[in-house]
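Report on the structure given below.
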Amino acid sequence: MKNVILVCVFILLAVSATLGQKSKTIPKQTNPTQQTTPTEEIETKTDPNFTNNLREHYEKKRVVASRWNDFDVAKDVLYDLIIEDPGNDSLIFQLAYLYYENQKYPSSILVGQDLLKRNPKNIQVLELVGMSFEGLSIYDRALQNYESLFLLTNNNSTLYKMAFIQYELKRYQESLTNIDILLSKPEAETLKVVFNSTENKQKEYTAKVALLNLKGMVYKDQGDKINAKKYFEESLKLAPDFQFAKQNLDGLK
């Protein structure tokens, strides 16, 4: 009987020791309601419903911010969306365009250049980066982008921009060549360009009016007043109210 009692006592001691060891391996939580296990955190972050709801929230916020012309909020929301979906080129382009619209040209260029690393033939991005460089009056870099764009599109509007930038860079012969190419095309009569008047009002003219005036400017800068006068007058025949040709013609007298 004593042997049986001793065996039972030993069994009880062994169980108690085992339970004591297990209790030491469980850390005591001081505030369990504020703690989550790593597994729970991962499940929350990768839960598709959570991600979709967050993206939907950002999209709604962006729409409202754009409607109320809040550039900073719209920009921040686009950053949030890009972080959620970093491979989405459309979102990144929207950010670059938002910077351009708000005349943040350096940022527009940097974002656009990152997109061009992914796809050097992205037509929209090439044009946007070109316009951004133009906005900073960095004409040589603007021309590089427009030349790449023209090679991909053969677009007359791009060639028109190139002719004006080549004039700004004093690359007169290249400018004249592109002017003559455009003037030989029927589109010169139909393509519309916008200029601000002296009253700061916008008015449309045909590309031919602007190109004839530009051709006169090239000759004027080269000291050829006879040809300069000829093309300023031709421009004014088509559009007698075109202020820039008037001013250029008066400048010759």
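The values are calculated or read from the model by the stated rules, or taken from the named source; none is laboratory data. Keep in mind the model is a prediction, meaning the values are calculated, not measured. Using ideal geometry, Cβ is built from the backbone for each residue, glycine included, and neighbour counts are taken over all protein chains shown.
Looking at Lys246, Lys201, Lys215, which one is within 29 Å of the chain's Cα centre (by Cα) and either of a type outside the set (Gly, Ala, Ser) or within 18 Å of Leu143 (Cβ to Cβ) (or both)?
After applying the criteria, what remains is Lys201.
Table: residues versus (1) modelled with pLDDT of 60 or more; (2) among the charged types (D, E, K, R).
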| position | (1), (2) |
| --- | --- |
| Lys24 | no, yes |
| Pro27 | no, no |
| Pro32 | no, no |
| Asn52 | yes, no |
| Glu56 | yes, yes |
| Asp76 | yes, yes |
| Ile109 | yes, no |
| Gly112 | yes, no |
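Starting from residues that are more than 20 Å from Ser235 (Cα to Cα) and among the hydroxyl-bearing types (Ser, Thr, Tyr), keep the ones in the stretch 137-190 and report whichever is surrounded by the fewest Cβ atoms within 10 Å (Cβ to Cβ).
It comes out as Ser137.
If Leu249 passes every condition in (1) part of a helix (DSSP H, G or I); (2) at pLDDT below 95 but one, which one does it miss?
(2)
Taking the stretch 211-243 as the search range and keeping residues that are more than 19 Å from Asn178 (Cα to Cα), touching a Ser or Thr at 6+ places or on another chain (Cβ under 8 Å) and part of a helix (DSSP H, G or I), which one is modelled with the highest pLDDT?
Selected residue: Leu238.
Would it be correct to say that Gln222 is closer than 18 Å to Ile165 by Cβ, surrounded by fewer than 22 Cβ atoms within 10 Å (Cβ to Cβ) and out of contact with any strand residue (DSSP E or B) (no Cβ under 9 Å at 6 or more places or on another chain)?
Here the answer is yes, as Gln222 does meet what is asked.
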